[in-house]
Amino acid sequence: MKKQIFIASLLLFAFITKAGNEDYPIGARSAAMGNASVSLSDMWSAHHNQAGLGFVRNISAGVSYENRFMVKEISVRGGVLAIPVKAGTFGLCITNFGYQLYSENKYSLSFAKAFGNKFSAAIAMDYLTTRIAEGYGNKGALAAEAGIQAKPIKALTIGAHVFNPTRAKISAYDDERLPTIIRLGADYNFSDKVVLAIETQKDIKYKAEFKAGLEYKAVKEFYLRIGLSTNPTLSTFGFGLNLKNFKADFSGSYHQTLGFSPQLSLSYQFNKAEKNNASAE
């Protein structure tokens, strides 16, 4: 009984501070860097900023799991897939928040196109659902996303992204709409070992958030990461293992009231170049 009351309190806190159907971030690399991810480019761009997929050259897939505040009923699960083709890169992303009595799901299909090595643009179409048990039923809505990334100089990447610019409606009751979120950020490579990422995020109904993260490549196979974010204030950290085509990333974030949230993500990149060389031989 106490656990159910605690879970209900957390869900209530979430709804008081943010609207439902939040665009929950996934991927332990970005989570360890304060979720400053709008300018990063990897398979997880299928969620964070689809324009980053334009610079992804190989088929890649990943899964993640975040145990929010160490309460499994409000955990976030996600999976991404990036498929480069001649015309650009397709991305698929699925996220799930909640448990059997309350859950939110997002299904996203995106396409990114790089114009040379310095600019990429993308669009995505999403289907978001909310399910409440005990006879309350399901609700679903379509939404769109768009993003760009630019590299004006070699070490600098700038990213911008908008989620739900059309303010899609999730329910006729009280004119309930999906959140509209605008993000702008950049990352700078001080060397091949150090990356600094910063970002600001604005839900049009709430105060702006600031995010920052630092990644340090200690050795070829091992990365250390730290970060922070505001509204709410979170301190983040983590590490990553890069074992050829397989990657494992871990992150932790700490909220001074709600506590600790660990996240683990696993990903694999199929090396198309080696495959083509093998075929030629």
Cβ-Cβ under 8 Å pairs, at least 6 apart or on other chains, region 210-235 side closer than 17 Å to Phe250 by Cα and modelled with pLDDT under 95, far side among the aromatic types (Phe, Trp, Tyr) and part of a strand (DSSP E or B): Leu234/Tyr254
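Does Lys247 fit the bill of being under 25 Å from Phe270 (Cβ atoms) and in a strand (DSSP E or B)? Don't jump to the end; show me each part of the working.
Values: under 25 Å from Phe270 (Cβ atoms): yes; in a strand (DSSP E or B): yes.
Considered against the rule, which asks whether it is under 25 Å from Phe270 (Cβ atoms) and in a strand (DSSP E or B), Lys247 comes out as yes.
Given Ala248, Ala186, Ala273, which one is at pLDDT 95 or above, closer than 27 Å to Ala150 by Cβ and of a type in the set (A, V, I, L, M)? Steps first, please.
Numbers: Ala248 fails: closer than 27 Å to Ala150 by Cβ; Ala273 fails: at pLDDT 95 or above.
Ala186 is the lone residue from the list that is at pLDDT 95 or above, closer than 27 Å to Ala150 by Cβ and of a type in the set (A, V, I, L, M).
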Going by the structure shown, is Pro232 buried (at least 18 other Cβ atoms within 10 Å of the Cβ) and either farther than 30 Å from Ile59 by Cβ or not acidic (Asp, Glu) (or both)? no
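Across region 127-139, what is the number of residues that are free of Cβ contacts under 8 Å to residues at least 24 places away in the same chain and either touching a strand residue (DSSP E or B) at 6+ places or on another chain (Cβ under 6 Å) or closer than 23 Å to His161 by Cα (or both)? Walk me through how you get there before you give the answer.
Initial filter on region 127-139 (free of Cβ contacts under 8 Å to residues at least 24 places away in the same chain): 127, 135-138.
Narrowing the set further to residues that are either touching a strand residue (DSSP E or B) at 6+ places or on another chain (Cβ under 6 Å) or closer than 23 Å to His161 by Cα (or both) leaves 127, 138.
Total meeting the criteria: 2.
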Residues of region 152-184 satisfying the condition of being surrounded by fewer than 18 Cβ atoms within 10 Å (Cβ to Cβ) and of a type in the set (Lys, Arg): Lys154, Arg167, Lys169
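Residues that are within 30 Å of Ala155 (Cβ to Cβ) and aromatic (Phe, Trp, Tyr): find the strands (runs of 3 or more DSSP E) completely inside region 67-127 holding 1 or more of those. Full working, then the answer.
Details: elements: 76-84, 89-99, 102-115.
Where strands (runs of 3 or more DSSP E) fall fully within region 67-127 and carry at least 1 residues being within 30 Å of Ala155 (Cβ to Cβ) and aromatic (Phe, Trp, Tyr), they are 89-99, 102-115.
Could you grab me the full set of residues in region 70-86 that are over 23 Å from Tyr127 (Cβ atoms), surrounded by fewer than 18 Cβ atoms within 10 Å (Cβ to Cβ) and not basic (Lys, Arg)?
In the first step, residues of region 70-86 are kept if they are over 23 Å from Tyr127 (Cβ atoms); the result is 70-73, 84, 86.
Going one step further and asking which of them are surrounded by fewer than 18 Cβ atoms within 10 Å (Cβ to Cβ), we end up with 70-72, 86.
Listed by number, the residues that qualify are Met70, Val71.
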Counting only residues in region 185-202 that are surrounded by 20 or more Cβ atoms within 10 Å (Cβ to Cβ) and not aliphatic (A, V, I, L, M), the one nearest to Asn231 (Cα to Cα) is identified as Gln201
Anything in region 87-141 that is exposed (fewer than 13 other Cβ atoms within 10 Å of the Cβ) and among the aliphatic types (A, V, I, L, M)? List them, or say none. Ala87, Ala133
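The values are calculated or read from the model by the stated rules, or taken from the named source; none is laboratory data. Please read these numbers as outputs of a predicted model, since none were measured by experiment. Please note: Cβ atoms are built from the backbone with ideal geometry, for glycine as well, and neighbour counts cover all protein chains shown.
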